[in-house]
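The values are calculated or read from the model by the stated rules, or taken from the named source; none is laboratory data. From a predicted model like this one, the values you see are computed outputs, not experimental measurements. As a convention, Cβ positions derive from the backbone with ideal geometry for all residues, glycine included, and neighbour counts pool all protein chains shown.
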Amino acid sequence: MTTTMAPAAQTESKKLIELSEKYGAHNYHPLPVVISKAKRVWVYDPEGNKYLDMLSSYSALNQGHAHPKILKALVDQAKKVTLTSRAFHNDQIGPFYKELCELSGFEMALPMNTGAEAVETAIKTARKWAVIKKGMAQDKAEIIACTNNFHGRTLSLISFSSDEQYRRDFGPFTPGFKLIPFADPEALRKAITPHTCAFLVEPIQCEAGIHIPPPGYLKAVRDICSKAGILLMFDEIQTGLGRTGKLFAFQHEDARPDVLILGKALGGGVIPISAVLADRTVLEVYKPGDHGSTFGGNPLACAVARASLKAIVEEDLVERSHQMGEYLIGKFCDLKSPFLHEIRGRGLLVGVELKPSAGGARRFCEALMQEGVLCKETHEHVIRLAPPLIIEKEEIDWAYERIRKVLSE
């Protein structure tokens with residue numbers, strides 16, 4: 001397996017990057033590579049250079065790039081009807097609800113478009129549930145979240161971020177949130193008050209650097225929330241749908257939440273769609289007009305999501321994630337590098353943490369790009385490795401040799 005890198009200046013790529021930098025707001029710091037074509041785990045720039053995608057668009061591409069059955073669902077549905085709004089029923093949303101609920105084990109679903117929208121929806125759901133079901137006073141419901149969380153960048157969501165950059169210059173913020181340390185059950189227990197309605201947490205903190213809680217943490221917070229009579233809400237936008245070697249990360253400890261938040265891979269890397277899942281006792285608090293979205297649950301996205309879920313099941317991508325994840329993490333056992341601090345991961349979600357003396361993960365990601373491997377730094381010192389779940393051992397070997405080379409040099 002080979003890849004080629006153009007020795008000369010990438011004229012077309014450089015031109016496209018300059019256009020983006022000139023006319024686009026600078027709210028991202030992408031690697032200097034332009035992707036113009038993609039298939040499975042491989043992507044290509046305009047000059048024809050080939051790269052192995054080890055990021056999967058932050059786990060939105062669990063099924064791989066340009067999955068033929070997902071693309072077929074997109075094209076077939078696009079020829080019929082793409083949008084009806086929720087003013088009318090469409091012929092895809094009902095089957096989508098049924099298939100998603102049967103797969104996840106929850107009774108109802110509320111579809112939105114992006115992950116951030118789904119988290120906002122979960123927050124609204126918890127607050128309304130507290131008023132309707134628990135008799136909590138209006139405007140008093142409080143939600144507990146964790147430091148170093150990442151749930152999105154809307155104003156409400158950054159209101160309970162502990163990352164100063166996400167908050168700076170954007171205040172005033174939405175009230176009603178309390179922060180506690182991640183992976184600390186006792187802190188949760190102490191933080192709960194009569195005004196607490198929910199605990200919102202990622203089973204693995206991805207953006208924070210692939211922080212995996214100690215064994216028993218998920219089960220402990222499940223028990224605490226049950227005893228306190230508050231909702232446990234797991235944000236599995238990145239960890240869900242096979243990424244960690246289970247269909248959902250909470251299944252590693254059989255810690256079923258009251259509310260499950262999904263996105264990213266639900267759309268197969270083709271179209272945005274997200275969902276909030278819960279049992280009827282939670283989602284029945286809504287009545288027409290309480291919440292909605294013009295594009296939420298549109299027939300095009302629902303058709304794509306149905307094909308995306310089918311691909312995960314029929315291609316056994318959950319088990320593949322488990323096996324390939326063990327294989328990838330196992331490769332690092334023999335790695336000798338003066339820069340390496342720690343390897344941690346679950347399934348095909350792996351964090352390579354570097355020592356502070358390494359000078360940051362960004363320069364290593366740039367060096368890997370030159371070797372034909374695309375990944376991204378997270379929180380300065382961590383390289384995130386999260387390839388599509390369809391990756392083969394041969395492709396992992398190919399990527400690892402280049403990672404080993406860069407980390408050794």
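Inspect all residues belonging to region 187-200 and state whether any of them is closer than 27 Å to V350 by Cα, in contact (Cβ under 8 Å) with a residue 60 or more places away in the chain and buried (at least 19 other Cβ atoms within 10 Å of the Cβ). Yes: one or more hits.
State whether the residues of region 59-76 include one that is among the hydroxyl-bearing types (S, T, Y) and in the same structural domain as K393 (by TED's automatic domain parsing). Within region 59-76 (the criterion being among the hydroxyl-bearing types (S, T, Y) and in the same structural domain as K393 (by TED's automatic domain parsing)), the answer is yes, since at least one residue qualifies. For region 273-280, state whether one or more residues are crowded, with 24+ Cβ neighbours inside 10 Å, touching a helix residue (DSSP H, G or I) at 6+ places or on another chain (Cβ under 7 Å) and over 21 Å from E202 (Cβ atoms). No, region 273-280 has no match at all. Residue pairs whose Cβ atoms lie under 7 Å apart, sitting 6 or more positions apart in sequence or on different chains, and linking a residue in region 159-174 that is within 21 Å of V201 (Cβ to Cβ) to a partner that is β-branched (V, I, T) and assigned to a helix (DSSP H, G or I), are Y166/I158; R167/I158.
Given the criterion of a type in the set (D, E), under 19 Å from D290 (Cβ atoms) and buried (at least 16 other Cβ atoms within 10 Å of the Cβ), identify the matching residue among E107, E120. Full working, then the answer.
On the way: E107 fails: buried (at least 16 other Cβ atoms within 10 Å of the Cβ).
The unique qualifying residue is E120.
Taking the criterion of being touching a residue at least 24 places away in the same chain (Cβ under 8 Å) and within 22 Å of K133 (Cα to Cα), the residues of region 175-186 that qualify are G176, F177, K178. Look at (1) more than 19 Å from the chain's Cα centre (by Cα); (2) surrounded by 14 or more Cβ atoms within 10 Å (Cβ to Cβ) and you find that Q205 fails only one, number (1).
For region 381-403, enumerate the residues that are part of a helix (DSSP H, G or I), surrounded by 15 or more Cβ atoms within 10 Å (Cβ to Cβ) and touching a helix residue (DSSP H, G or I) at 6+ places or on another chain (Cβ under 8 Å). I396, Y400, R402, I403 - these are the residues of region 381-403 that are part of a helix (DSSP H, G or I), surrounded by 15 or more Cβ atoms within 10 Å (Cβ to Cβ) and touching a helix residue (DSSP H, G or I) at 6+ places or on another chain (Cβ under 8 Å). Scanning region 32-70 for residues that are buried (at least 16 other Cβ atoms within 10 Å of the Cβ), touching a helix residue (DSSP H, G or I) at 6+ places or on another chain (Cβ under 8 Å) and more than 20 Å from T114 (Cβ to Cβ) turns up V33, V34, V41, D45, P46, E47, Y51, L52, M54, H67. What's the total number of residues in region 235-265 that are without any contact (Cβ under 8 Å) to a residue 60 or more places away in the chain and not in a loop (DSSP other than H, G, I, E, B)? Result for region 235-265: 2.
Tell me yes or no: at least one residue of region 60-82 is among the charged types (D, E, K, R) and outside any helix (DSSP H, G or I). Yes, that holds for at least one residue. When A9 is tested against (1) among the hydrophobic types (A, V, I, L, M, F, W, C); (2) at pLDDT 95 or above; (3) assigned to a loop (DSSP other than H, G, I, E, B), only condition (2) is not met. K79 falls short on exactly one of the conditions (1) assigned by TED's automatic domain parsing to the domain that holds P257; (2) modelled with pLDDT under 95; (3) exposed (fewer than 12 other Cβ atoms within 10 Å of the Cβ), and that condition is (2). For P95, the conditions (1) under 23 Å from V270 (Cα atoms); (2) in a loop (DSSP other than H, G, I, E, B); (3) not assigned by TED's automatic domain parsing to the domain that holds V350 all hold with the exception of (2). When the residues of region 308-342 are filtered to those that are within 19 Å of the chain's Cα centre (by Cα) and among the small types (G, A, S), which remaining residue is farthest from A66 (Cα to Cα)? Out of the qualifying residues, it is G325. Residues that are surrounded by fewer than 22 Cβ atoms within 10 Å (Cβ to Cβ) and either part of a helix (DSSP H, G or I) or polar (S, T, N, Q) (or both) within region 221-234 comprise R222, D223, I224, S226, K227, A228, listed in sequence order.
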